[in-house]
1. Name the residue that is nearest to the chain's Cα centre (by Cα), counting only residues in the stretch 59-81 that are within 17 Å of Cys22 (Cβ to Cβ) and exposed (fewer than 15 other Cβ atoms within 10 Å of the Cβ).
2. Run down Gly55, Gly42 and say which single residue is part of a loop (DSSP other than H, G, I, E, B), open to solvent by 40 Å² or more (accessible area, probe 1.4 Å) and of a type outside the set (A, V, I, L, M, F, W, C).
3. So, in the stretch 14-39, exactly how many residues are assigned to a loop (DSSP other than H, G, I, E, B) and surrounded by 13 or more Cβ atoms within 10 Å (Cβ to Cβ)?
4. Residues of the stretch 76-122 being part of a loop (DSSP other than H, G, I, E, B) and within 21 Å of Gln1 (Cβ to Cβ), which ones?
5. For the stretch 22-44, give me the residue count where each residue is more than 18 Å from Val120 (Cα to Cα) and under 12 Å from the mean Cα position of the chain (by Cα).
6. Just one of the numbered conditions (1) out of contact with any Ser or Thr (no Cβ under 6 Å at 6 or more places or on another chain); (2) modelled with pLDDT of 95 or more; (3) more than 17 Å from Gly115 (Cα to Cα) is not true of Met34; which one?
7. Would you point out which residue out of Ala92, Ala49 is of a type in the set (Gly, Ala, Ser), buried (at least 16 other Cβ atoms within 10 Å of the Cβ), without any contact (Cβ under 8 Å) to a residue 40 or more places away in the chain and under 30 Å from Ser121 (Cα atoms)?
Amino acid sequence: QVQPVESGGGLVQAGGSLRLSCVVSGRTFSNYAMGWFRQAPGKEREFVAAISRSGGVKYYTDSVKGRFTISRDNAKNTVYLQMNNLKPEDTAVYYCAAVYGPIRTDRSFDYWGQGTQVTVSS
């Protein structure tokens, strides 16, 4: 069983930064592409960023390009989401997800974490 566990959320002022971490236990981490999604109150869960198994390919949703960076450390079974210049509209629960095989940007990931709250005050 693959289990992602997120951490690093919190309350930050607009313009600030946070780094989310997601540790994945279970199978061989490097076999899984990883993604970050978020869900704001009253809205559907949306794609934020994804990274390939080797870390060589990365995708971002347009609203976070230039502000967020996804990375992974396969030796530590961890994927990160560095979030800079945060805006109030980034407020959401952020979820880490894992999928066996190649990178993707839809919600067809196999395993999901419990989420971590990010709140950006104006």
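The values are calculated or read from the model by the stated rules, or taken from the named source; none is laboratory data. Only a predicted model underlies this, so the values are computations on that prediction, with no experimental measurement involved. Glycine also receives a Cβ, built like all others from the backbone with ideal geometry; neighbour counts cover every protein chain displayed. Ligands, DNA and RNA are stripped out before the accessible areas are found, and what is left, the full protein with its side chains, is counted by its heavy atoms. Shrake-Rupley method; radii C 1.70, N 1.55, O 1.52, S 1.80 Å.
1. Asp73
2. Gly42
3. 4
4. Lys76, Asn77, Arg104, Arg107, Ser108, Phe109, Asp110, Gly113, Gln114, Gly115
5. 5
6. The single condition Met34 does not satisfy is (3).
7. None of the others qualify; the one that does is Ala49.
Residues are listed down the side, and each one gets a yes or a no for (1) at pLDDT below 95; (2) among the aromatic types (Phe, Trp, Tyr); (3) more than 16 Å from Gly8 (Cβ to Cβ):
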site: Asp62; (1), (2), (3): no, no, yes
site: Val79; (1), (2), (3): no, no, no
site: Asn85; (1), (2), (3): no, no, yes
site: Glu89; (1), (2), (3): no, no, yes
site: Tyr95; (1), (2), (3): no, yes, no
site: Ala98; (1), (2), (3): no, no, yes
